[in-house]
Amino acid sequence: MRVVVLGAGAIGGLVGARLFQQGTDVTLVARGEHAAALAAGLVLEAPGETVTLGIPVVTDVAQLSWDENTAVLLGVKGQDTERALTQLTVVAPPETAVVCMQNGVENERRVLRRFPNTYAMCVMCPASHLRPGVIQAHSAPVSGLLDLGRYPSGVDDRARELSDLLNRATFLSIARPDVMRWKYRKLIMNLANAVEALCGPEGRGSDLAQEAQREGASAMAAGGIDVASVEEDRERRADHLQMRNTTSGGWSGGSSWQSLARGTGSIEAEFLNGEITLLGALHGVATPVNQLLLRLALQAASEQRPPGSWTIEELRAQLAR
């Protein structure tokens, strides 16, 4: 299998780097300063390991050749999926396998409109991308848990092959026919991302984050969505992810926190908290916390505010209006 990583940020860069290290044919697709830095080598920082990897990198999928053995690992944020798909559809054969390594549950639907061989991946992988050309992996010896399967359901030889590759590359991966159950559980957890981004690290475990997650669970239940249980998730995670410092320090925050820290001007809240506001509206469930988090996260990204620009008390005051 040849792998094209479309979006070589924290997750895409780490997965691409680890696959490259174990001998897989990998090409990274990146933009701007990050792409320029990657051309000199991807710097991978992991606990007890800092290496520079000469992984091929391009800035446009049109620069690549395509065949039936090429799989695309889609690592862009949800707000960038449409642009990436527009470019990919022009050059990639329709039978190309596209694996959604993103948070949320909407990306797979968008990909499936154009590529029938769509796969979902549930990513549990603490990684950071805060500087051009540098990817930090914060867990060792297991870098992350990357379960995957066909979308909307099922497992085939390609899923099993990719899972085997990942298992040889410092990840733990299971090919699951019901992978979307696990992505919905991950979505509930990701509803805390906006609180962490807006209020800093203390926001992730706050009562407000828990309220957002309760709204998410209620909206999914009202919609009849099958979600992996808390107990299933706890059993899957076990103690596999062991957080340790890299040469640049420890893990500072999740994907939304990192978007604000880098001043990217965008954030994936629409496909996390926004998914819950949509489900709530469709099924008659009130979601005031997620509505507020969505609005403020988009505002923070647009105004390029740094992480931690609000306090929990300020958010609660807005809810009380």
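The values are calculated or read from the model by the stated rules, or taken from the named source; none is laboratory data. Being a predicted model, the structure only gives us computed values, none of them experimental. Every residue, glycine among them, receives a Cβ derived from its backbone with ideal geometry; neighbour counts consider all protein chains shown. Accessible surface areas use protein heavy atoms only, side chains included; no ligands, DNA or RNA. Shrake-Rupley method; radii C 1.70, N 1.55, O 1.52, S 1.80 Å.
Summary table below
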| quantity | calculated |
| --- | --- |
| Residue list for the range 177-191, filter: more than 12 Å from V105 (Cβ to Cβ) and buried (at least 24 other Cβ atoms within 10 Å of the Cβ) | L191 |
| Among the residues listed as E33, E45, the single one being surrounded by fewer than 24 Cβ atoms within 10 Å (Cβ to Cβ), charged (D, E, K, R) and not in a strand (DSSP E or B) | E33 |
| Of residues in the range 275-289 being open to solvent by 10 Å² or more (accessible area, probe 1.4 Å) and either charged (D, E, K, R) or touching a helix residue (DSSP H, G or I) at 6+ places or on another chain (Cβ under 7 Å) (or both), the one farthest from S139 (Cα to Cα) | G284 |
| Test: residue in the range 129-147 that is in contact (Cβ under 8 Å) with a residue 12 or more places away in the chain and over 20 Å from the mean Cα position of the chain (by Cα) | yes |
| Selection status of P141, within 30 Å of H240 (Cα to Cα) and part of a loop (DSSP other than H, G, I, E, B) | yes |
| Given (1) crowded, with 23+ Cβ neighbours inside 10 Å; (2) polar (S, T, N, Q); (3) free of Cβ contacts under 8 Å to residues at least 60 places away in the same chain, index of the condition N103 fails | (3) |
| Residue count, the range 155-167 (criterion: open to solvent by 50 Å² or more (accessible area, probe 1.4 Å) and touching a strand residue (DSSP E or B) at 6+ places or on another chain (Cβ under 8 Å)) | 2 |
| Number of the exception - D80 against (1) at pLDDT 95 or above; (2) open to solvent by 40 Å² or more (accessible area, probe 1.4 Å); (3) farther than 16 Å from A127 by Cα | (2) |
| Qualifying residues in the range 106-121 (those that are among the aliphatic types (A, V, I, L, M) and surrounded by 24 or more Cβ atoms within 10 Å (Cβ to Cβ)) - the one nearest to the chain's Cα centre (by Cα) | M121 |
| Failed item in (1) within 17 Å of the chain's Cα centre (by Cα); (2) open to solvent by 40 Å² or more (accessible area, probe 1.4 Å); (3) not β-branched (V, I, T), with S255 passing the rest | (2) |
| Set R237, R262, R244: member being out of contact with any strand residue (DSSP E or B) (no Cβ under 6 Å at 6 or more places or on another chain), within 28 Å of R176 (Cα to Cα) and surrounded by fewer than 20 Cβ atoms within 10 Å (Cβ to Cβ) | R237 |
| Any pair with Cβ under 6 angstrom, 6 or more apart, that starts in the range 22-40 at a residue that is more than 17 Å from Q87 (Cα to Cα) and ends at one that is open to solvent by 60 Å² or more (accessible area, probe 1.4 Å) and of a type in the set (A, V, I, L, M, F, W, C) | V26/F20 |
| Single condition V230 does not satisfy, out of (1) open to solvent by 10 Å² or more (accessible area, probe 1.4 Å); (2) under 26 Å from P307 (Cβ atoms); (3) among the aliphatic types (A, V, I, L, M) | (2) |
| Scope the range 290-304; condition surrounded by 17 or more Cβ atoms within 10 Å (Cβ to Cβ) and over 20 Å from G216 (Cβ atoms); matching residues | A300, A301 |
| Residue match in the range 5-25 (condition: more than 18 Å from the chain's Cα centre (by Cα) and small (G, A, S)) | yes |
| Hits in the range 62-109 (condition: touching a Leu at 6+ places or on another chain (Cβ under 6 Å) and in a helix (DSSP H, G or I)) | A84 |
| Candidates D239, D226, filtered to the one that is over 21 Å from V76 (Cβ atoms) and free of Cβ contacts under 8 Å to residues at least 12 places away in the same chain | D239 |
| Candidates P141, P152 - the one that is open to solvent by 20 Å² or more (accessible area, probe 1.4 Å) and farther than 21 Å from E108 by Cβ | P141 |
| Flag for T86 being free of Cβ contacts under 8 Å to residues at least 40 places away in the same chain, touching a strand residue (DSSP E or B) at 6+ places or on another chain (Cβ under 8 Å) and polar (S, T, N, Q) | no |
